[in-house]
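These notes concern the structure reproduced below.
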Amino acid sequence: MFTIIVYTVLIVIMISLLIFLIRILIGPTVSDRIVGLDAFGVTLVGFIGIIMILQDTIAYSEVALVLSILSFVGTVAMSKFIERGAVFDDD
């Protein structure tokens, strides 16, 4: 029963990843694309977590950690670029 639930969750997460990919590709504004990219990263970390539960291992925990850090830093950098026009200030 648990395996059926895990596979169902994987299917739902894959569908949501496809929806986020569509939002990233055809987003009407840059802000929509950034939000879609951030949601894609968070959902991908959840997907990796479900895979780790299914395989009963912690082998992918470093991958999930690095992916979440990169997703956060990328979202902050792109948001700052949209707001100010530059990622690094010329103080």
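Rule-based calculations on the coordinates, nothing more; no lab input. These numbers were taken from a predicted model, which means no experiment stands behind them. Backbone-built Cβ (ideal geometry, glycine too); neighbour counts: all protein chains shown.
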Exercise for the section: Within the chain, list the trypsin sites (Lys or Arg not before Pro) lying in a DSSP loop whose Cβ has at most 12 other Cβ atoms in a 10 Å radius. Expected result: none
Exercise for the section: Taking the chain as the reference, fit the longest principal axis to its C-alpha atoms, fit the long axis of helix 30-55 to the helix C-alpha atoms, and give the angle between the two in degrees, 0 to 90, nearest 10. Expected result: 20
Exercise for the section: List Met1, Met78, Met14 from most exposed to least, where exposure is judged by having the fewest other Cβ atoms within 10 Å. Expected result: Met1, Met14, Met78
Exercise for the section: Would you kindly derive the ³J(HN,Hα) couplings of region 74-82 from the backbone phi angles with the Karplus curve 6.51 cos²θ - 1.76 cosθ + 1.60 (θ = phi - 60°), listing them in order in whole Hz, with x for Gly and Pro? Expected result: x, 5, 5, 5, 5, 5, 5, 5, 5
Handout entry: Separation of the Ser68 and Met14 label points, Cα + 7 Å toward Cβ, nm
Key = 2.4
Practice task
Give, as ranges by residue number, the residues of region 26-61 whose backbone N falls under 15 Å from the point 7 Å along Cα→Cβ of Phe2.
Solution key: 50-58
Practice task
Neighbouring Cβ atoms within 10 Å as the yardstick, rank Tyr60, Tyr7 fewest first.
Solution key: Tyr7, Tyr60
